[in-house]
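*Asks:* Shown below is the structure under consideration.
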């Protein structure tokens, strides 16, 4: 893709930037009318270069109202570049207040506009911003994909501008962070040092602060605490120069962790209390959760067990609310240590297992294998190009020198051997993936054919027979047999039509409703424009969510009980399924479950998410799952809504 150049005159470009910077500084201290005048002055110049816009509107990036005003102006003058820039800035704001789904939506829209405008700078920034959001969510695969696309696109430009060089540094830094998550510390350090060279050349103090912080983390994980501390302190100096409170929070946490490891607990506590104040003021729940966890760890180390417990539980609550898996693992781990110190070994073991299980989920073998493949591919790309050039040169030599013909055939034989070995390795990995799929389908069948469900259903039918209610007994026995038959048939198929899935769920709800004395009002609403017979979904994918709504939302509720299943199409590449109940809500359900001597534990949701992830690999976009706690104006629980976006646009359509 060629680089977009709106104006190639460096002097005119410099004059434009200086003029707009002067106007921006004036506008920053004035009211909304002045800001609109600034936008008008900017539009008149018709210089819609991303980095000019960034220089002019930097003071307003955190003001979503002003960014929406800028977006509307972009619509008015039909500038895709202005619209894309504004959307990315709004996405960054939502990311910084931990509203990650909204951030992703804005960045994706900004990316689409960048592609339409053929603006490489804006496109690279959009890819990088998406990667950062997914990295916050510990979705390593998606994060690495986006950063890799940003880096490939930026490096495809023969003479990159300073802005693109900065984007390359951001991509390298972000990929280094992903290598950190995979515990590939040497690869991470290599990427951070590459990024650091660019930031030093540009004298970008924010970039220097970020890279020194990350280098410190990698060194700390390798056990080099002295050099790690030096890099953390260097990062703190740069953050102080740019007056970044978020940067200070990050550095305080990192330095405090070194102090804890060196048993300098009072110094650690002092830094962490200061970090907590700044983190709370920023509103970024990612750093708030991290600081609570580290503060609890420090208090645990000095024997302040009650304070430690309170702060670790705050960190855990925030991590679970905002889906921050790494912080959730840290909370579980420290709580395990805490309860071990309190001689509550049963609770300590429970938290230890939670930490271990969650760690396995977010670093499962398939994702690690996928990421390692990309690591090897990325690290060997430039080497492969050099090898290819040398091979071409050798071919010319071989044509001229007949005496080297034997070496040529030996090399060819070696290449064929490598291809055969690579094919065997590919087939082995393919077989492992297929085995994993079979295991998932078997687990799914076991989950649907739950012995308690079958026993209780037959018991309810037996009660009808005992009470001589023959019609009800025959009716439900017929429904039960149809349900079992559909489950067995569906378990042999990887996907089924949405129409068949909805019919199976209707049967399932009829049987379950019998066990609730027909108190559940279940209703399925399908948009008439959706051809459910033409849409494929994983078989029996909705049952775990309906089961949760029944047993966790409605089983303990008094009065009216209802479940509504809605099927609609809000986007061309997704079908959206909503399951809404008017139950007691998740918070109340967890409290009730914790008070039971025997908890009803469901593994269906985790299994369903794995099956949806595997199903999405054949599509251009991945599935989305969102669980919303419904509340009234007073904040009282009104139930729970599960929203599942299942992809329908095949991957081949994307590449066609």
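*Asks:* Kirkwood hydrodynamic radius, computed over distinct alpha-carbon pairs, for the stretch 166-233: how many Å, to one decimal?
*Replies:* 11.5 Å
*Asks:* While we're here: When the Cα centres of the stretch 492-567 and the stretch 79-139 are compared, how far apart do they sit, in Å?
*Replies:* Here the two parts' Cα centres lie 35 Å apart.
*Asks:* Name the shape class, rounded, prolate or oblate, that the alpha-carbon gyration tensor gives for the stretch 76-164, where a ≥ b ≥ c are the square roots of its eigenvalues, rounded holds for a/c under 1.5, and otherwise prolate holds if a/b is larger than b/c and oblate otherwise.
*Replies:* oblate
*Asks:* Once you have the Cα-Cα distance between residue 243 and residue 263, take 0.36 nm times their residue separation minus that, and quote the gain in nm to one decimal.
*Replies:* In short, 4.3 nm is gained.
*Asks:* Separate question: Would you mind classifying the stretch 244-363 by shape? Square roots of the alpha carbon gyration tensor eigenvalues, ordered a ≥ b ≥ c; an a/c under 1.5 is rounded, otherwise it is prolate if a/b is larger than b/c and oblate if not.
*Replies:* oblate
*Asks:* Also, quick follow-up: What share of Cα pairs, in percent, lie more than 17 angstrom apart in the stretch 495-565? It would help to have the intermediate numbers written out before the result.
*Replies:* Values: 1101 of 2485 pairs.
Cα-Cα pairs of the stretch 495-565 separated by over 17 Å account for 44 percent.
*Asks:* Cβ neighbours within 10 Å, averaged per peptide: list 78-88, 296-306, 546-556 in order, most packed at the top.
*Replies:* Going from most to least packed, we get 78-88, 546-556, 296-306.
*Asks:* Okay, moving on. How do 114-121, 95-102 rank on mean C-beta neighbours within 10 Å, highest first?
*Replies:* The most tightly packed comes first, giving 114-121, 95-102.
*Asks:* Multiply the residue gap between residue 416 and residue 467 by 0.36 nm, knock off their C-alpha separation, and tell me the result in nm, one decimal place.
*Replies:* Full-extension gain reported as 10.8 nm.
*Asks:* Still on this structure, I have one more. In terms of the Cα gyration tensor, with a ≥ b ≥ c the square roots of its eigenvalues, is the stretch 165-307 rounded because a/c is under 1.5, prolate because a/b exceeds b/c, or oblate?
*Replies:* Taking the square roots of the gyration eigenvalues as a ≥ b ≥ c, the stretch 165-307 is prolate.
*Asks:* Per the Debye formula with a single identical scatterer at each Cα and no solvent contribution, what log10 I(q)/I(0) holds for the stretch 105-254 at q = 0.12 Å⁻¹?
*Replies:* Debye curve over Cα of the stretch 105-254, log10 I(q)/I(0) at q = 0.12 Å⁻¹: -0.50.
*Asks:* Based on Cα coordinates alone, diagonalise the gyration tensor for the stretch 449-655, multiply each eigenvalue by 5, take square roots, and list the semi-axes in whole Å, largest first.
*Replies:* Values: eigenvalues 170, 104, 50 Å².
Largest first, the stretch 449-655 gives 29, 23, 16 Å.
Coordinate-derived values only; no laboratory data. Computed from a predicted structure; not experimentally measured. Heads up, the Cβs are rebuilt from the backbone with ideal geometry, glycines too, and the neighbour counts pull from every protein chain shown.
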